[in-house]
Structures are given as C-alpha cells and as structure tokens.
Amino acid sequence: IEGYEVWADRTFFNEFVVKCPTGVSVSDINAFLMDEYDIIGGYDLGQDYPNLANHMLLCCTETNTRAEIDALAEALAAAAAELT
C-alpha cells in the first residue's frame, strides 16, 4: 500500500509492524479507520518505544477472513490518501 512499509527483517507469524506514511500519526490513522470503516487499527508502538514513532503493530490470524484483510488494506490506503 503506497505510503506504508512492512517493517521486517525476517519472517513473521500473525503480528507484524507497519511503518505509516510520513507526517501521519498512528492515532490519526486509527481514528480514521474507526470513524470511516468501523475497523480497530493497530497498536501505536511509539507510545512505548520512542524510536518506533509512526509504526503500528497489526495482527491477522486464522479468524480473519480474506475479505476483512482486504477491507483493512483498502481502509489504510484511504487513510493515507485522506490524511497526507
């Protein structure tokens, strides 16, 4: 998704870190996701790790359908377009 980057130097399972678009806070993205799509966004890692400001922790498991994951991707793209 343009503006986002999966932040991983190795394989991962279920949880992964996403670097958000420059100049857009995780809290603003999460507010947009909830207000516009009724989606709970990722955990703002900058709250606990200052070096990870503008990074969110997301999780997808076997309980998430392909449609739900696609909806999240669409919503994240919309957030980037709207908030940048």
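Residues in the stretch 50-84 that are assigned to a loop (DSSP other than H, G, I, E, B) and either of a type in the set (G, A, S) or under 25 Å from F13 (Cβ atoms) (or both): A53, N54, C60, T61, E62, T63, N64, T65. Scanning the stretch 2-49 for residues that are assigned to a loop (DSSP other than H, G, I, E, B), open to solvent by less than 40 Å² (accessible area, probe 1.4 Å) and in contact with a Gly (Cβ under 9 Å, 6 or more places away or on another chain) yields C20, P21, V24. Within the stretch 50-83, the residues that satisfy the criterion of being in contact with a Pro (Cβ under 9 Å, 6 or more places away or on another chain) and open to solvent by less than 60 Å² (accessible area, probe 1.4 Å) are N54, A79, A80. Selection of the stretch 36-72 for residues being farther than 16 Å from V17 by Cβ and hydrophobic (A, V, I, L, M, F, W, C) yields I39, I40, A67, I69, A71.
The values are calculated or read from the model by the stated rules, or taken from the named source; none is laboratory data. All figures in this text were calculated on a predicted structure; none of them were measured in a lab. When we count neighbours, we look across all protein chains shown, and the Cβ atoms used for this are built from the backbone with ideal geometry, even at glycine. Each accessible area value is taken on the protein alone, full model and side chains, heavy atoms only, with ligands, DNA and RNA left out. Shrake-Rupley method; radii C 1.70, N 1.55, O 1.52, S 1.80 Å.
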